[in-house]
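Below you'll find the structure, written out as structure tokens, and then a few comments.
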Amino acid sequence: MRDYIPKIIGQESFDRYIGPYMGYDPTVNPSASNVFATAAFRFGHATISTVVRRFNESFQTHEQFTHLRLHHTFFSPWRIVKEGGIEPVLRGLMGTAATSVSTDKLIAEEMTEKLVVLNIQWKLDLAALNLQRGRDHALAGFNDWREFCGLKRLKIKEDFQDVVKDKIIVNKILKMYKNPDNIDVWLGGLVEDHLKDSRNGPLFSCLIAKQMKSIRDGDRFWWEAQGTFTKHQISELSKSSLSRIICDNSKVTEIPLDAFKYGKYPNGFLPCNHIPNINLEAWREKKKTDICDSPADIKNGDFLLFSSSGKLVATLYLLPWFQIKGNRQTECNEKRLE
Ligand code: HEM
């Protein structure tokens with residue numbers, strides 16, 4: 001949310017549609033919408049590089065295991081085991097700029113001519129799958145979704161050219177679909193000119209942003225929500241990052257502070273011990289006996305300790321034929337249990 005989303009929809013869309021976290025909202029439905037899963041977030045299919053680069057520790061082409069055509073990596077996890085581990089791939093991903101985007105080549109041929117999935121004998125075409133899946137899911141068209149996001153419906157060719165600079169593409173699409181109302185939402189969203197500093201046009205930026213906001217605000221257990229973690233724990237959690245996860249789980253030793261940001265090695269690369277880390281001390285609980293008196297003090301029952309909003313609470317349980325006089329729950333604060 002913090003590191004990836006602003007980069008794909010642009011900071012402006014992030015501020016406009018998502019904004020700062022204001023707490024859990026029980027009226028928000030956090031489930032994934034049809035148009036998000038079947039069209040908008042499939043923008044990712046146009047960001048895939050045709051080659052998987054593999055770098056050595058100096059972020060140069062690996063001497064032994066060089067680049068692979070994308071289709072040679074499909075369903076080939078054995079390469080990670082037999083060909084130098086995951087580190088050359090991770091370094092290749094971080095040390096290479098994302099593929100540039102052009103409207104005349106939206107999606108790599110590796111994805112439309114050479115895609116293999118499981119044990120299906122023939123090659124699949126991911127662009128065709130995306131379009132067909134949208135119809136299969138009865139998604140409304142590009143224009144309807146533009147209207148949903150408060151964007152202008154495209155009626156004539158000139159309207160279209162306002163949102164897609166490439167005239168050849170506009171002509172091709174209009175020739176094929178005849179009427180702009182017929183344009184499939186995945187294709188229309190993908191060809192829109194991108195917003196400043198983003199990987200999407202206005203429609204997909206809006207749809208992705210709305211989904212991200214509802215995933216965050218409608219999540220009772222969102223990490224920043226009140227009542228789950230203490231302020232101190234939230235502040236520690238905010239130190240987590242993809243870079244830290246890569247450092248902790250691989251033998252990569254140098255990394256950019258933000259792994260989503262391209263840096264040409266060694267510019268902007270830091271040793272892993274300079275990447276902020278979560279300090280788990282914030283979760284340490286004082287020993288039960290330091291805080292509440294021993295269970296032996298409770299006649300005919302026992303108590304359980306649990307943490308609620310950062311405070312230790314003791315809940316009393318008595319044998320079935322005994323009744324509790326007073327409160328079942330009491331806060332533990334270094335005093336005897338009442
Ligand atoms: C090598 C890279 C990738 C391959 C080979 C791939 C392939 C596929 C395939 C075969 C499907 C199912 C299509 C269908 O039958 O409708 C799919 C679905 C999907 N893909 Fe990708 N994909 C890749 C990368 C990405 C990326 C980078 C993103 C987003 C950033 C993405 C987002 C999605 C989404 C949202 C779905 C729909 C998932 C669902 O609703 O179940 N994909 N992908």
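Summary of computed values
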| quantity | calculated |
| --- | --- |
| Residues in the range 270-284 that a label on residue 235 would reach, taking backbone N under 17 Å of a point 7 Å out along Cα→Cβ | 276-284 |
| Sorted largest first, extent of the range 231-282 alpha carbons per principal axis (Å) | 36, 20, 14 |
| Added length on full extension, which subtracts the Cα-Cα distance from 0.36 nm per residue, residue 81 to residue 171 | 27.6 nm |
| Net charge of Cβ neighbours under 13 Å - reference residue 115; Lys, Arg +1; Asp, Glu -1 | -1 |
| Residue-by-residue Karplus 3J(HN,Hα) for the range 242-247, coefficients 6.51, -1.76, 1.60, Hz, glycine and proline x | 4, 4, 5, 4, 5, 4 |
| Residues of the chain: accessible area per residue with a 1.4 Å probe, Å² | 61 Å² |
| Local electrostatic count at residue 180 - Lys and Arg +1, Asp and Glu -1, tallied over other residues with Cβ under 14 Å | 0 |
| Reciprocal of mean inverse Cα separation for the range 1-128 (Kirkwood radius, Å) | 17.6 Å |
| Carbon + sulfur, % of accessible area of the range 104-177 - ligands and nucleic acids excluded, 1.4 Å | 56 percent |
| Label zone at residue 155 (point 7 Å along Cα-to-Cβ), backbone N below 18 Å, the range 172-203 | 178-183 |
| Compactness index (Cα Rg / 2.2 N^0.38 Å), the chain | 1.33 |
| Projected label distance in nm at residue 29 and residue 162, using a 7 Å step from Cα toward the beta-carbon | 3.2 nm |
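The values are calculated or read from the model by the stated rules, or taken from the named source; none is laboratory data. Computed from a prediction, not measured in an experiment: that's the story for all the values here. All Cβ positions, even for glycine, are placed from backbone atoms using ideal geometry, and neighbour counts span all protein chains on display. Quick note on the areas: whole protein, heavy atoms, side chains included, nothing else; ligands and nucleic acids left out. Shrake-Rupley method; radii C 1.70, N 1.55, O 1.52, S 1.80 Å.
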